[in-house]
1. Residue 110: more than 30 Å from residue 235 (Cα to Cα) and either free of Cβ contacts under 8 Å to residues at least 12 places away in the same chain or within 16 Å of the chain's Cα centre (by Cα) (or both), yes or no?
2. If you scan region 252-262, which residues turn out to be surrounded by 11 or more Cβ atoms within 10 Å (Cβ to Cβ) and out of contact with any helix residue (DSSP H, G or I) (no Cβ under 6 Å at 6 or more places or on another chain)?
3. Picking from 245, 198, which residue would you name as being under 22 Å from residue 52 (Cα atoms) and loosely packed, with under 14 Cβ neighbours inside 10 Å?
4. When you go through 300, 242, 237, 296 one by one, which is the residue that is farther than 30 Å from residue 41 by Cβ, modelled with pLDDT of 85 or more and assigned to a helix (DSSP H, G or I)?
């Protein structure tokens, strides 16, 4: 019964001091709305990919003694799933991402950009650390404002999402940036860089294996072993030719990468509504903490 009285009095206090709840709600919603308005838009480019089937692996038929010889020759028997896993890990590899950033001179656009003007497709740089006209980082005294390569790697990596479907082989990769054009262009370059990196690894391994097998053929007099080595060399040559002619070596785009037309953050309406909601809760908590309310609650308990 006492709890019912306390609840009734609490509701009466909230109604009596509703101006406080309303004020907190409006102030919080206004603050959240202002923050949402001044926060620059970010755009997310997206591409759907399919793993490229390794036909040469399925035709190789390595097993038993032949498989042991292939391993000695450094011949990789990994399929498309292992290469997809490698592609995913490359996005977390500091050396790969850092090389990509330096090759395409992305550091200023990753770390110094504060927004994007849609009217003339212009990036807005932080003029306190970067001179866009001179294309150089500012220096104050002996202190350069250029961030470290580690900072660029971390910021760039956070803007990338690599997601593999559980039910299908489809892979979705997204890249976000203030400029939708930069996001789409960088994503296309990144997928190409991943394919090229894994291709280079395979080509180097294949050529090393061919060199080893050729040496073994020359020093082996047993006809059966020479036949085995020739078969392995033939398969490696097929793999090498396939790598040279295939541009999308591991990941094939389902369709072209489109420039995103709508921003994905900030979600201004959600920010404003949630800010107002939590502001209202703060107003209620302030009523509960009022001395008068505490005194009323003690009197009810005594009665």
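The values are calculated or read from the model by the stated rules, or taken from the named source; none is laboratory data. The structure presented is a predicted model; accordingly, all values stated were derived computationally and were not measured. Ideal geometry is used to build each Cβ from the backbone, glycine not excepted, and the neighbour counts take in all protein chains shown.
1. Criteria met by residue 110.
2. Those that are surrounded by 11 or more Cβ atoms within 10 Å (Cβ to Cβ) and out of contact with any helix residue (DSSP H, G or I) (no Cβ under 6 Å at 6 or more places or on another chain): 252, 253, 254, 258.
3. Matching residue, one of 245, 198: 245.
4. Only one candidate passes the filter, namely 237.
Here is a yes/no grid of residues against (1) more than 19 Å from residue 100 (Cβ to Cβ); (2) assigned by TED's automatic domain parsing to the domain that holds residue 93; (3) at pLDDT 90 or above; (4) out of contact with any helix residue (DSSP H, G or I) (no Cβ under 6 Å at 6 or more places or on another chain):
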residue	(1), (2), (3), (4)
114	yes, yes, yes, yes
117	yes, yes, yes, yes
121	yes, yes, no, yes
125	yes, yes, yes, yes
130	yes, yes, yes, no
138	yes, yes, yes, yes
141	yes, yes, no, yes
148	no, yes, yes, yes
154	no, yes, yes, yes
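Per-residue answers, yes or no, for (1) modelled with pLDDT under 80; (2) in a helix (DSSP H, G or I); (3) closer than 30 Å to residue 178 by Cα; (4) within 40 Å of the chain's Cα centre (by Cα):
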residue	(1), (2), (3), (4)
11	yes, yes, no, no
19	yes, yes, no, no
22	no, yes, no, no
25	no, yes, no, yes
40	no, no, yes, yes
46	no, no, yes, yes
53	yes, no, no, yes
59	yes, yes, no, yes
66	yes, yes, no, no
